[in-house]
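Nothing in this text is a laboratory measurement; each read-out follows from the coordinates by a stated rule. The shown structure was predicted, so the numbers you read here are calculated from the model rather than taken from an experiment. Counting neighbours? That spans all protein chains shown, and the Cβs are built from the backbone with ideal geometry, glycine included.
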Amino acid sequence: MKCKICGEETKIAFRVMILQRYNEHLYKCQNCGFLSVGEAYWLSEAYKNAINISDTGILVRNLKLYTIVVCIAYLFFGFRKQPNQGETEKILLDLGGGNGLLVRLLRDCGIEAFWEDKYCQNFYARGFEWKRLEDSINTKESTQENKYKQNQDNKELTDIKDFIPNNTNQMPAKSPILQPTLSTSFEVFEHLPNPKEEIYQMLSICKNLLFSTEILSSDIPQPAGENAWWYYGFQHGQHISFFTRKSLDFIAKQNNVHFCSYKDLHLFSEYPINHSYFKFAIKLARYIFPFIKKKLGSKTQDDHKKMLEYEIMKYNEIQI
């Protein structure tokens, strides 16, 4: 089997029971060290419950992560309460956003965050789905284009210059709002069956991607017994890809982005980020977070009003 990251040869690392009934090999790349299953044909079964029952750390993890994300968004990517003149508000997209808890926490801290997840149902960030934002923007732009075309049809073209839109009557430009400044993807990479392609898709949405995954040590952790690595998660069958720093560095180079890492938090970025600054931003997040939060304000009350208006609009549409 070829490595799913770098394409080099792999060797069988060990054999293990997945979901207590599938006896499968895991393969380790001889070049980049990436460890993965072959074909993960059991995923539909593993994702009957998107958040597995053994993930008892989900709340603690999100409460820790959101303070770090707020600090990194503010310090390295220019998220502010009031954008500079001529700029739109910066957007954060949470890929694999789970039940929406992180997005809600980020919005409560003033970050314009949106949710996306193909497996899990959004609960805490309802109304702030990425697809819904796309649909609303596309509808608005379509309406503007139709108005423009209608105005053009009503004009009497008497000169060749009438075919060329002037500054006051030009086709509305596509809104830049759909370009996130920063994406996040926490506890997702280890779930990816085709990591090279799927990470490429993430980076095609946004070149700045903050993510988490436990790093595989050079010596393969034991898959079973008292010293088994807890992160394998073979009982729930959702963890199928395990990365080394070398494999993540390979992905960064393949996608022409920069890479820095501290413990289980990693960043692909369009422009280089100082590794020491990244490390200290994470280590000191809980101390600097209160000051940044105060500067950013909160979207809690504004979001409340938006959702009330949305419910009224939906009700009026039903009545019509």
Point to revise | Phi to ³J(HN,Hα) by Karplus 6.51 cos²θ - 1.76 cosθ + 1.60 over the range 45-50, Hz, x for Gly, Pro | key: 6, 5, 9, 4, 10, 4
Check your understanding: Of Lys131/Lys283; Lys207/Lys299; Lys2/Lys90; Lys246/Lys299; Lys90/Lys196, which pairs sit farther than 31 Å apart, going by alpha carbon to alpha carbon?
Key -> Lys131/Lys283; Lys2/Lys90; Lys246/Lys299
Point to revise | Rounded tilt (10° steps) of 245-254 against the dominant C-alpha axis of the chain | key: 40
Review point. What's the exposure ranking of Val257, Val69, Val103, going from fewest to most Cβ atoms within 10 Å?
Key: Val257, Val69, Val103
Check your understanding: Pairing the Cα long axis of helix 300-319 with the longest principal axis of the chain, what angle in degrees results, from 0 to 90 and rounded to the nearest 10?
Key -> 70
Revision key, fill the gap. Whole-Hz Karplus couplings 3J(HN,Hα) for the range 93-104, θ = phi - 60° and coefficients 6.51, -1.76, 1.60, Gly and Pro as x, run 10, 9, 8, x, x, x, 7, x, 4, 5, 4, 5
Review point. Among Gln254, Trp229, Ser183, whose Cα sits farthest toward the positive end of the charge dipole of the chain (+1 at Cβ of Lys/Arg, -1 at Cβ of Asp/Glu, about the Cα centre)?
Key: Trp229
Point to revise | From the coordinates shown, Rg and Dmax of the Cα atoms in Å corresponds to which of [x] 24.9, 84; [y] 23.2, 85; [z] 22.7, 76 | key: [y]
Practice item. Among Phe250, Phe186, Phe211, determine the one that fluctuates most according to a GNM of the chain built with springs between C-alpha atoms less than 10 Å apart. Key: Phe250
Check your understanding: Over the chain, what is the percentage of antiparallel beta bridges among all DSSP beta bridges, to the nearest 5?
Key -> 65
Revision key, fill the gap. Gyration tensor (Cα only) of the range 48-137 to equivalent ellipsoid, semi-axes in Å sorted down, yields 25, 17, 8
Exercise for review: Have a look at Gln30, Gln85, Gln301 and tell me which one the Gaussian network model of the chain (Cα, springs below 10 Å) gives the largest fluctuation.
Suggested key: Gln85
Review point. Among Phe243, Phe14, what is the fewest-to-most ranking by other Cβ atoms within 10 Å?
Key: Phe14, Phe243
Check your understanding: Using Cα atoms only, what is the angle between the long axis of helix 195-205 and the major principal axis of the chain, expressed in degrees (0 to 90) to the nearest 10?
Key -> 20
Check your understanding: Which ordering of Trp130, Trp229 is given by a fewest-first count of other beta-carbon atoms within 10 Å?
Key -> Trp229, Trp130
Check your understanding: About its Cα centre, how strong a charge dipole does the chain have in debye, to the nearest 20, once Lys and Arg get +1 and Asp and Glu get -1 at the Cβ?
Key -> 920
Exercise for review: Using per-residue counts of other Cβ atoms within 10 Å, averaged over each peptide, order 265-275, 50-60 from highest down.
Suggested key: 265-275, 50-60
